[in-house]
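Asker: Got a structure for you, questions after.
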Amino acid sequence: MKTLNHWIGGKTVEGTSGNYGEVTDPATGAVTTRVAFASAEEADAAVAAAKDAYTTWRDSSLSARTAVLFRYRALLDAHRDEIAALITAEHGKVHSDALGEVARGLEIVELACGITTQLKGELSTQVSSRVDVSSIRQPLGVVAGITPFNFPAMVPMWMFPLAVACGNTFVLKPSEKDPSAANLLAELAAEAGLPDGVLNVLHGDRVAVDALLTHPDVAAVSFVGSTPIARHIHATASANGKRVQALGGAKNHMLVLPDADLDAAADAAVSAAYGSAGERCMAISAVVAVGAIGDELVARIKERAERITIGPGTDPDSEMGPLITAAHRDKVASYVTGAAAQGAEVVLDGTGFTVEGFEDGHWIGLSLLDHVSTDSDAYRDEIFGPVLCVLRVETYEEGVALMNASPYGNGTAIFTRDGGAARRFQLEIEAGMVGVNVPIPVPVGYHSFGGWKDSLFGDHHIYGNDGVHFYTRGKVTTTRWPDPADAPAGVDLGFPRNH
């Protein structure tokens with residue numbers, strides 16, 4: 001069994017706390033790795049390494065930073081399969097899905113490579129007689145990122161490339177459930193020439209997290225995870241004077257109007273609900289069917305769901321892998337087993353699913369619940385698994401009201417052929433990301449990602465322009481210089497004195 005240690009100051013640093021966590025292969029249930037859990041003192045050491053590196057990295061030229069990032073991008077591209085294999089081994093998602101995760105992370109590295117244009121300042125001349133005003137953006141210092149298990153490579157790449165491109169140094173605390181990809185990302189960054197201490201990886205649990213949230217030398221914290229933890233991150237870090245972006249959970253809805261292409265809507269519902277085993281904050285977990293199309297839509301979703309191949313992520317025939325842990329699998333299953341008692345029709349029940357030869361894996365099949373009520377557990381909670389709820393409404397207005405009543409506002413989608421209805425929807429829906437005939441509207445790298453309401457705590461979305469603004473702060477300078485022709489007598493600067 002391998003032991004995964006911290007990456008601090010440009011090298012592997014063995015854990016000294018004596019506490020370790022276990023990492024399992026979700027397809028087999030076998031423990032494959034033990035990961036060191038940091039003490040508060042080890043967190044101090046990681047922050048100290050980042051603080052020391054900041055004194056020189058902040059003054060490095062933009063061309064020097066982007067040169068490193070261009071080399072880093074090339075190395076990530078060359079090691080796509082290796083990174084994806086680590087994701088599959090520890091998270092369980094199929095290899096093609098893991099490769100897609102790496103590709104989406106690379107988008108933000110590419111954005112960081114163009115940071116020179118993002119950091120341009122502004123200048124206004126002659127705001128008053130001989131007075132100019134300029135504005136610039138400067139780095140914050142040491143920033144921390146706390147990332148979730150569902151995207152162990154992509155979400156870290158949503159954070160640290162932009163942060164270091166802006167001149168900050170970074171301490172990453174990845175999920176303890178699938179931590180190996182983070183170390184490889186750091187090792188490749190060092191190979192690309194990122195100076196020691198600019199990127200550090202600290203493993204652990206709440207002890208490490210709270211140490212970062214309260215550390216006086218950490219200027220800002222980025223987080224992606226569940227809403228309860230996002231709320232804790234935001235409250236604790238803000239109380240300690242830090243800038244915070246904390247992205248929380250979701251209950252993403254897909255509104256299907258009577259004029260929609262039902263084949264396209266069913267395809268989208270299946271891929272968006274069950275892709276990556278439903279373990280993503282942008283998964284569609286609630287389909288809202290308008291009018292008389294509900295029965296036909298459910299039938300088409302069921303037909304497609306039954307054809308999905310579930311198996312180990314290493315099997316090229318697999319379209320969906322296992323869940324991350326046995327405990328999570330059992331929690332997801334509980335929503336299905338309790339659905340009928342709360343009024344739902346269980347169209348598909350995946351709770352008894354297993355894979356021959358991999359019986360100890362964290363398996364669950366696809367579940368489809370129809371006629372779900374808004375007061376049921378399956379609707380109210382973020383299940384984070386392959387469970388799709390279908391709700392019925394009579395009108396567009398009723399559907400939008402139902403969706404807007406949700407405490408979450410992460411992503412949403414509408415399926416329709418009517419441009420006027422789609423335009424109205426994107427203006428009326430209370431969510432940060434909207435898809436029109438697109439089920440998972442994750443913005444490209446040069447736009448920003450983030451939700452509303454209980455899906456985001458803090459003022460900034462992640463990556464894009466919001467990411468650059470989060471990792472920098474503005475400074476405005478007002479300047480007045482005397483005209484050279486007004487130099488004191490006896491000082492000749494070569495300017496005429498008859499102006």
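Asker: Inspect region 382-390 for any residue being at positive phi and of a type in the set (Gly, Ala, Ser) and give the result as yes or no.
Answerer: There is no residue in region 382-390 that is at positive phi and of a type in the set (Gly, Ala, Ser).
Asker: Name the one entry in GLY350, GLY343, GLY357, GLY291 that is open to solvent by less than 20 Å² (accessible area, probe 1.4 Å) and farther than 18 Å from ALA250 by Cα.
Answerer: GLY350 is the lone residue from the list that is open to solvent by less than 20 Å² (accessible area, probe 1.4 Å) and farther than 18 Å from ALA250 by Cα.
Asker: Among ARG231, ARG206, ARG280, which is free of Cβ contacts under 8 Å to residues at least 12 places away in the same chain and of a type outside the set (A, V, I, L, M)?
Answerer: Among ARG231, ARG206, ARG280, only ARG206 is free of Cβ contacts under 8 Å to residues at least 12 places away in the same chain and of a type outside the set (A, V, I, L, M).
Asker: What are the pairs with Cβ atoms under 7 angstrom where one residue, in region 420-448, is charged (D, E, K, R) and modelled with pLDDT of 95 or more and the other, located anywhere, is surrounded by 16 or more Cβ atoms within 10 Å (Cβ to Cβ) and assigned to a helix (DSSP H, G or I)? Sequence gap at least six, or different chains.
Answerer: Filtered contacts from region 420-448: GLU428/VAL400.
Asker: Suppose we filter LEU402, LEU369 for residues that are touching a Leu at 6+ places or on another chain (Cβ under 9 Å) and either over 21 Å from GLU303 (Cα atoms) or of a type in the set (Asp, Glu) (or both); which single one remains?
Answerer: Going through LEU402, LEU369 in turn, just one is touching a Leu at 6+ places or on another chain (Cβ under 9 Å) and either over 21 Å from GLU303 (Cα atoms) or of a type in the set (Asp, Glu) (or both): LEU402.
Asker: Scan region 401-428 for residues that are of a type in the set (A, V, I, L, M), surrounded by 22 or more Cβ atoms within 10 Å (Cβ to Cβ) and farther than 15 Å from TYR379 by Cα and report the count.
Answerer: Here the count works out to 2.
Asker: Would you check if TRP57 is at pLDDT 95 or above, surrounded by 17 or more Cβ atoms within 10 Å (Cβ to Cβ) and closer than 30 Å to ALA327 by Cα?
Answerer: no
Asker: Among the residues of region 181-232, count how many are under 23 Å from LYS11 (Cα atoms), among the polar types (S, T, N, Q) and not in a helix (DSSP H, G or I).
Answerer: 1
Asker: What are the residues in region 76-88 that are part of a helix (DSSP H, G or I), within 23 Å of PRO312 (Cβ to Cβ) and out of contact with any Ser or Thr (no Cβ under 7 Å at 6 or more places or on another chain), if any?
Answerer: ARG80, ASP81, GLU82, ILE83, ALA84, ALA85, ILE87
Asker: Kindly evaluate LEU172 against the criterion of being surrounded by 21 or more Cβ atoms within 10 Å (Cβ to Cβ), part of a strand (DSSP E or B) and within 14 Å of the chain's Cα centre (by Cα).
Answerer: Yes; evaluated as a whole, the condition is true for this residue.
Asker: Still on this structure: Any idea which residue in region 145-169 is farthest from THR3 (Cα to Cα), counting only those that are open to solvent by 10 Å² or more (accessible area, probe 1.4 Å) and assigned to a helix (DSSP H, G or I)?
Answerer: TRP158
Asker: Output the strands (runs of 3 or more DSSP E) that fall wholly within region 373-475 and possess 2 or more residues being under 29 Å from GLY350 (Cα atoms), or say none.
Answerer: Answer list for region 373-475: 387-393, 411-415.
Asker: Right, next: Which of the residues that make up region 312-332 are open to solvent by less than 70 Å² (accessible area, probe 1.4 Å) and either hydroxyl-bearing (Ser, Thr, Tyr) or not in a helix (DSSP H, G or I) (or both)?
Answerer: PRO312, GLY313, ASP315, SER318, MET320, GLY321, PRO322, LEU323, ILE324, THR325
Asker: Scanning region 93-119 for residues that are in a loop (DSSP other than H, G, I, E, B) and touching a strand residue (DSSP E or B) at 6+ places or on another chain (Cβ under 9 Å), which turns out most open to solvent (accessible area, probe 1.4 Å)?
Answerer: LEU119
Asker: Would you call GLY225 of a type in the set (Gly, Ala, Ser) and more than 18 Å from the chain's Cα centre (by Cα)?
Answerer: no
Asker: What is the residue count in region 244-268 for residues that are outside any loop (DSSP other than H, G, I, E, B) and touching a helix residue (DSSP H, G or I) at 6+ places or on another chain (Cβ under 7 Å)?
Answerer: Qualifying residue count, region 244-268: 13.
Asker: For region 120-137: of the residues being aliphatic (A, V, I, L, M) and open to solvent by 50 Å² or more (accessible area, probe 1.4 Å), which is nearest to ARG71 (Cα to Cα)?
Answerer: Going through the qualifying residues, I end up with ILE136.
Asker: Given (1) within 20 Å of the chain's Cα centre (by Cα); (2) among the hydrophobic types (A, V, I, L, M, F, W, C); (3) buried (at least 24 other Cβ atoms within 10 Å of the Cβ); (4) farther than 25 Å from TYR72 by Cα, identify the lone condition not met by LEU255.
Answerer: Evaluating LEU255 over (1) within 20 Å of the chain's Cα centre (by Cα); (2) among the hydrophobic types (A, V, I, L, M, F, W, C); (3) buried (at least 24 other Cβ atoms within 10 Å of the Cβ); (4) farther than 25 Å from TYR72 by Cα leaves (1) as the failure.
Asker: Within region 477-490, is there a residue that is surrounded by 13 or more Cβ atoms within 10 Å (Cβ to Cβ), modelled with pLDDT of 95 or more and of a type outside the set (Asp, Glu)?
Answerer: The answer is no, given that none of the residues of region 477-490 is surrounded by 13 or more Cβ atoms within 10 Å (Cβ to Cβ), modelled with pLDDT of 95 or more and of a type outside the set (Asp, Glu).
The values are calculated or read from the model by the stated rules, or taken from the named source; none is laboratory data. The structure presented is a predicted model; accordingly, all values stated were derived computationally and were not measured. Every residue, glycine among them, receives a Cβ derived from its backbone with ideal geometry; neighbour counts consider all protein chains shown. SASA here: full protein model, heavy atoms, side chains in, ligands and nucleic acids out. Shrake-Rupley method; radii C 1.70, N 1.55, O 1.52, S 1.80 Å.
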